[in-house]
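Engineer: Okay, here's the structure, questions in a sec.
The values are calculated or read from the model by the stated rules, or taken from the named source; none is laboratory data. Predicted model, so just to flag it, every value in this text is computed and none were measured. Virtual Cβ from ideal backbone geometry, glycine too; neighbours counted across all protein chains shown. We work out accessible area using only protein heavy atoms, side chains counted, and drop any ligands, DNA or RNA first. Shrake-Rupley method; radii C 1.70, N 1.55, O 1.52, S 1.80 Å.
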Amino acid sequence: MTDTPLARWERYNGPALLTASVLYLVSYATRVLGHDLSEPVRTLCLVTTLAAWAVFLVDYAVRWRLSGLRLTRFVRSRWLDTLVLLLPLLRPLRIVQAYDSVQRRRNEPRLSLYARVMAYAGLSAALLGFAGSLAVYQTEHAAPGAMIRTYGDSVWWTCTTLSTTGYGDLTPVTPLGRLVAVGLMACGLALLGAVTGSFSSWLIQVFAREGETAERPPGKSPGASRDSG
């Protein structure tokens, strides 16, 4: 395992990033859905959201300094981290990454590669769908001529968009809402591809093993032919 300062930082900052990710999502959701909140509570939620984002900014800056790269090269090599930092809609992806880091630090048993890809893709889709539904609801529900006026409408629209179904019964009318829609469509295609690709690879491996078992003579172990030679 690499033991550079950057590797050590990324290995041990998982709990802080996980906490910041959860706080960001909870405070943002509270501000969007809590229409009857008092002003002090709304201010507290806003401060929490900004503080959580500041944790990600500090983490990004520290990793850049520890990498020893120029800023432009670091941004190109860590383009996903840069995108997550700049777009709050993708912030929940940090929860998945931070959770994986915490699991590795504790040396707990992990799922196989294919199962991990499918589980992480599913968790990413759920978290991104939740964040996307909040963003669309915040943008659309009070817009003139809006079709998405309740949070339930926003959740339904997000599910159809992420799953690439796209019934068209509800559509965003604001520029920001349509920008969120484009991002969710792209994420939906990527996550769906990751799940189906991993599931297909897993099935191929299962069928290949079953074929080898069927062709092997009864009572003969896989290494018997090699041992006899």
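Engineer: Where the only charges are on Cβ atoms (+1 Lys, Arg; -1 Asp, Glu), what is the dipole of the range 1-76 about its Cα centre, to the nearest 20 debye? Spell out each step's value before the answer.
Structural biologist: Working: 9 positive and 5 negative charges, 94 e Å.
That gives the range 1-76 a dipole magnitude of about 460 debye.
Engineer: Okay, moving on. Just read off the accessible area of residue 32 with the full protein assembly in place, 1.4 Å probe, to the nearest 10 Å².
Structural biologist: Counting only protein heavy atoms, the figure is 10 Å².
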